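Here is the structure we will look at.
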């Protein structure tokens, strides 16, 4: 497999499994604000990728966005603690990359507060992961702002030496917009669309880190 100078990861759906948290939170929101509306789980998990404000605006167009954002954050906290977990071998992978001096970062549409809470919850704080969150950029994914900011931070001169690893179409478009390679996790419930060009298909993080370290 091609080796890169910088490995960038999406967070939700890529490093962490947060789908059940998302499903249960939106089930509560629908029950209160759209009673009688019961979309399938497969519909709700598509919300992992786009910025949450975009999703809330679309799903609750008649409600005040600030109100809905507060509702989402309040209701999701208990489901974070109950359901959010690391995908297999994520912590070991990041620890090995750090020990080997391999540059990596997280680029996420999640805001900084929830991102830091996630790291604390999953015992990732000590890794001091360089993360670019929604608060850190002018334009959210699929805009390339986060990736380009990371490239500048790590002083990478050639975008061909960078890969962005994600689990959905939003991540693919983000990588494409930034002019970097795209890695896709094979276990994602969000399928590869026909037009997506996957440069690296990751079958497991254990296998992946074994190839790059």
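Conditions: (1) farther than 21 Å from residue 13 by Cβ; (2) within 13 Å of the chain's Cα centre (by Cα). Residue 70 meets all but one. Number of the miss?
Only one criterion is unmet by residue 70, namely (2).
Hey, can you tell me all the residues within segment 190-213 that are touching a strand residue (DSSP E or B) at 6+ places or on another chain (Cβ under 7 Å), part of a loop (DSSP other than H, G, I, E, B) and closer than 21 Å to residue 18 by Cβ?
Of everything in segment 190-213, just one residue is touching a strand residue (DSSP E or B) at 6+ places or on another chain (Cβ under 7 Å), part of a loop (DSSP other than H, G, I, E, B) and closer than 21 Å to residue 18 by Cβ, namely 192.
For segment 37-61, which positions are at pLDDT 95 or above and assigned to a loop (DSSP other than H, G, I, E, B)?
If the condition is that a residue be at pLDDT 95 or above and assigned to a loop (DSSP other than H, G, I, E, B), then 37, 38, 39, 40, 60, 61 are the ones that fit.
Residue under question is residue 123, and the condition is that it be exposed (fewer than 14 other Cβ atoms within 10 Å of the Cβ) and assigned to a loop (DSSP other than H, G, I, E, B); does it hold?
It is true that residue 123 is exposed (fewer than 14 other Cβ atoms within 10 Å of the Cβ) and assigned to a loop (DSSP other than H, G, I, E, B).
Being surrounded by 14 or more Cβ atoms within 10 Å (Cβ to Cβ) and in a loop (DSSP other than H, G, I, E, B) is the filter here; which residues of segment 62-96 pass it?
Within segment 62-96, 63, 84, 87, 89 meet the criteria.
Which number in (1) under 15 Å from the mean Cα position of the chain (by Cα); (2) under 29 Å from residue 76 (Cβ atoms); (3) modelled with pLDDT of 95 or more marks the one condition that residue 149 misses?
(1)
Which condition from (1) in contact with a helix residue (DSSP H, G or I) (Cβ under 9 Å, 6 or more places away or on another chain); (2) closer than 29 Å to residue 194 by Cα is the one that residue 176 breaks?
Among (1) in contact with a helix residue (DSSP H, G or I) (Cβ under 9 Å, 6 or more places away or on another chain); (2) closer than 29 Å to residue 194 by Cα, residue 176 violates only (1).
Only one residue in 92, 67 is in contact (Cβ under 8 Å) with a residue 40 or more places away in the chain and more than 13 Å from residue 26 (Cα to Cα), so which one is that?
One residue alone meets the criteria, 92.
Evaluate the following for residue 173: is it assigned by TED's automatic domain parsing to the domain that holds residue 100, in a helix (DSSP H, G or I) and touching a residue at least 24 places away in the same chain (Cβ under 8 Å)?
yes
The values are calculated or read from the model by the stated rules, or taken from the named source; none is laboratory data. None of the values given here were measured: they were computed from a predicted structure. Quick reminder, even Gly has a Cβ in these numbers, built from the backbone with ideal geometry, and neighbours come from all protein chains shown.
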